[in-house]
Amino acid sequence: QVQLVESGGGLVQAGGSLRLSCAVSGRTFSNYAMAWFRQAPGKEREFVLGIRWSSGSTYYAGSLKGRFTISRDNAKNTVYLQMNSLKPEDTAVYYCAAARGYSYPTNRGEFDYWGQGTQVTVSS
């Protein structure tokens, strides 16, 4: 059974940093893309950053790349999201997701597995 379990969320002041973790299990993810999404109250779930598990190549859509970084640790079967210079508008539930295949998906419907989410709250 595939499981994605996020951790590392919490309350942080504006300008601070957090590192989210996504522990994956249940199968080999070598031909998967992994990604972080976020969903703020009343808004659509949006793509944040993605990474190809096998190559470690990263991809993004939008303006978050400069403050956020995605990485993975093969030995620990874990994907990370490092978030720096956090702003109140970064407040959201952050989700880890996995998509089969060899592309660079960014749409929610392209992903096959999801974690339960972890809350990030940035105070001003």
Along the charge dipole of the chain, Cβ charges K/R +1 and D/E -1, which of Gly115, Tyr32, Ala97 sits furthest on the positive end?
Tyr32
Once you have the Cα-Cα distance between Ser7 and Ala40, take 0.36 nm times their residue separation minus that, and quote the gain in nm to one decimal.
10.1 nm
Return an integer: the convex hull volume of the alpha-carbon atoms of the chain, in Å³ per residue.
93 Å³
State the percentage of accessible surface on the chain attributable to carbon and sulfur atoms; use a 1.4 Å probe and exclude ligands, DNA and RNA.
44 percent
Just report the Cα centroid separation between segment 42-95 and segment 1-29, whole Å.
10 Å
Integer Hz, Karplus 6.51/-1.76/1.60 couplings in order for segment 73-87, x for Gly and Pro
10, 4, 5, 9, 6, 9, 10, 10, 10, 8, 10, 10, 6, 5, 10
Run down the lysines and flag those whose C-alpha is under 23 Å from the C-alpha of Lys87, throwing out any fewer than 8 positions away in its chain.
Lys43, Lys65
Could you give the dipole magnitude of the chain about its Cα centre, charging the beta-carbon of Lys and Arg +1 and that of Asp and Glu -1, in debye to the nearest 20?
180 debye
Quick check for you: which residues of segment 1-43 have the amide N under 11 Å from the point 7 Å beyond the Cα of Lys65 toward its beta carbon?
none
How high is the relative contact order of the chain, in percent, counting Cα pairs under 8 Å that sit 6 or more residues apart?
35 percent
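The values are calculated or read from the model by the stated rules, or taken from the named source; none is laboratory data. No experiment lies behind these values; they were computed from the predicted model shown. Cβ coordinates were reconstructed from backbone atoms using ideal geometry, including for glycine residues, and neighbour counts include every protein chain displayed. Just so you know, the surface numbers come from the protein's heavy atoms only, side chains and all, with ligands and any DNA or RNA stripped out. Shrake-Rupley method; radii C 1.70, N 1.55, O 1.52, S 1.80 Å.
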